[in-house]
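The structure appears below as structure tokens.
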Amino acid sequence: MGARTPGFSVTKPGVRAVLATGFAALLLAIPAAAADWSPSATWLLQARCVHLKEGAWTANTGNGYYGGMQFARATWRRVGGKPNPAFTHPGNRAYPFTATSAEQLYRAWVLWQRDGGTWRSWGAVGTSCS
């Protein structure tokens, strides 16, 4: 285990604010086609919660779900995501999910809207983060 930084804790308000700000900064990298989306700060915090419970942005564990928001292949395609090499090599670490974190967040937002502004597609994780 790495050395701990004295005084560093994600439960401290200042650290949480920095993490939330950093997460929101991902929005700057959104593709031009998605420029019209405008998630609220609450949505971004909920998305961050889902991501922290789901997996790495590059996740390809072989469980049928991919990336930091754990999209099923069919769901990813249904919300406009492009094909990804990870889909044809499930569980193979040589083929990580390559969609950017910003793209994954945008696709999660599209799915969230289609779900009526709920996190139901993420099941118990979505419920716990709502």
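Here the range 34-122 exposes an accessible surface that is 52 percent carbon and sulfur, computed with a 1.4 Å probe and the other protein chains kept in place.
Once the mean of 1/r is taken over each pair of separate Cα atoms and inverted, the range 61-111 shows a Kirkwood hydrodynamic radius of 10.7 Å. For residue 66, the residues 5 or more places off, or on other chains, whose built amide H falls under 5 Å of its own are 71, 72.
A straight chain from residue 40 to residue 127 at 0.36 nm per residue would run longer than the Cα-Cα distance by 29.5 nm. Along the range 64-75 the Karplus relation, 6.51 cos²θ - 1.76 cosθ + 1.60 evaluated at θ = phi - 60°, assigns HN-Hα couplings of x, 10, 9, x, x, 10, 6, 7, 6, 3, 5, 5 Hz to successive residues, with x for each Gly and Pro.
Annotation: for a label point projected 7 angstrom from Cα along Cα→Cβ of residue 58, residues of the range 100-125 with backbone N closer than 19 Å are 100-105.
The values are calculated or read from the model by the stated rules, or taken from the named source; none is laboratory data. Predicted model, so just to flag it, every value in this text is computed and none were measured. Positions of Cβ are generated from backbone atoms using ideal geometry, with glycine treated the same way; all protein chains shown enter the neighbour counts. All accessible areas refer to the heavy atoms of the entire protein, side chains included, with ligands and DNA or RNA removed. Shrake-Rupley method; radii C 1.70, N 1.55, O 1.52, S 1.80 Å.
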